[in-house]
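S.K.: My questions all concern the structure below.
The values are calculated or read from the model by the stated rules, or taken from the named source; none is laboratory data. Computed from a prediction, not measured in an experiment: that's the story for all the values here. All Cβ positions, even for glycine, are placed from backbone atoms using ideal geometry, and neighbour counts span all protein chains on display.
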Amino acid sequence: MLWRWLHFDPVRFAADPQRSPEWNRGAYLVRHLGHCGECHSPRNALGAAERDEALSGTSDGPVGKKVPNITPDKADGIGRWSGVDITYFLKTGFLPDGDVAGGAMTEVIDQSTSHLTDADRAAIAAYLRSLPPRSGP
């Protein structure tokens, strides 16, 4: 109960009126429905996601595996990926260099993102590409 009080904030999604409907849809899918930050964000000593480093990847992800940075950082994130690269990856699991997704992301793609509409995958890409770049682990 103490951990929840310190680290759990059950907020409903609120669209940002300054952003496009596509961006808001992507934000909803990434932050709420898909909860991408649960794997793609580093955690503090108590196991809570580091909000200031959201989506920057972690070297200590599920089952101790490295999880990639999905911010638009050009050095170690997806900053060199186009929107088409992101949507194609979410549909097929193929990275722009021809490699394939691994680990738990394979299951996410097979059971989730490959079944989204093209518009939903494009919304995710638009949202991710709009984030501030953060260097990963």
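S.K.: Go through ALA75, ALA45 for me and flag whichever is exposed (fewer than 10 other Cβ atoms within 10 Å of the Cβ) and farther than 28 Å from SER114 by Cβ. Spell out the reasoning first.
M.R.: Numbers: ALA75 fails: exposed (fewer than 10 other Cβ atoms within 10 Å of the Cβ).
The match here is ALA45.
S.K.: Also, quick follow-up: Report yes if some residue within segment 68-84 is in contact with a His (Cβ under 6 Å, 6 or more places away or on another chain) and closer than 23 Å to ARG43 by Cα; otherwise report no.
M.R.: First pass over segment 68-84, keeping only residues in contact with a His (Cβ under 6 Å, 6 or more places away or on another chain): 70.
Next, from what is left, pick out any that are closer than 23 Å to ARG43 by Cα: 70.
Looking for residues that are in contact with a His (Cβ under 6 Å, 6 or more places away or on another chain) and closer than 23 Å to ARG43 by Cα, one finds at least one in segment 68-84, hence yes.
S.K.: Within segment 49-82, restricting attention to residues that are touching a Pro at 6+ places or on another chain (Cβ under 9 Å) and of a type in the set (D, E, K, R), which residue is farthest from PRO137 (Cα to Cα)?
M.R.: That would be ARG80.
S.K.: Can you pull out every residue in segment 53-97 that is among the charged types (D, E, K, R) and closer than 18 Å to VAL30 by Cβ? If you could, list the steps in order and put the result at the bottom.
M.R.: Going residue by residue through segment 53-97, those that are among the charged types (D, E, K, R) are 53, 60, 65-66, 73-74, 76, 80, 85, 91, 97.
GLU53, ASP73, ASP85, LYS91 - these are the residues of segment 53-97 that are among the charged types (D, E, K, R) and closer than 18 Å to VAL30 by Cβ.
S.K.: Go through (1) touching a helix residue (DSSP H, G or I) at 6+ places or on another chain (Cβ under 7 Å); (2) over 21 Å from GLU107 (Cβ atoms); (3) of a type in the set (A, V, I, L, M); (4) assigned to a loop (DSSP other than H, G, I, E, B) and name the single condition VAL11 misses.
M.R.: Answer for VAL11: the failing condition is (1).
S.K.: Okay, moving on. Checking the conditions here, which among ARG19, ARG31, ARG80, ARG51 is within 19 Å of PRO133 (Cα to Cα) and under 11 Å from the mean Cα position of the chain (by Cα)? Working first, answer last.
M.R.: On the way: ARG19 fails: under 11 Å from the mean Cα position of the chain (by Cα); ARG80 fails: under 11 Å from the mean Cα position of the chain (by Cα); ARG51 fails: under 11 Å from the mean Cα position of the chain (by Cα).
Being within 19 Å of PRO133 (Cα to Cα) and under 11 Å from the mean Cα position of the chain (by Cα) holds for just one of ARG19, ARG31, ARG80, ARG51, which is ARG31.
S.K.: Let me ask something else. When only residues in segment 62-75 that are more than 13 Å from the chain's Cα centre (by Cα) and closer than 17 Å to ALA104 by Cβ count, which is modelled with the highest pLDDT?
M.R.: If we take residues in segment 62-75 being more than 13 Å from the chain's Cα centre (by Cα) and closer than 17 Å to ALA104 by Cβ, then LYS66 is modelled with the highest pLDDT.
S.K.: In the set GLY26, GLY57, GLY93, which member is on the phi > 0 side of the Ramachandran plot, at pLDDT 90 or above, crowded, with 19+ Cβ neighbours inside 10 Å and not aromatic (Phe, Trp, Tyr)? So that I can check it myself, show each step before the final result.
M.R.: Numbers: GLY26 fails: on the phi > 0 side of the Ramachandran plot; GLY93 fails: crowded, with 19+ Cβ neighbours inside 10 Å.
None of the others qualify; the one that does is GLY57.
S.K.: Since ILE86 meets every condition but one in (1) under 16 Å from ALA125 (Cβ atoms); (2) surrounded by fewer than 18 Cβ atoms within 10 Å (Cβ to Cβ); (3) touching a helix residue (DSSP H, G or I) at 6+ places or on another chain (Cβ under 6 Å), which condition does it not meet?
M.R.: (2)
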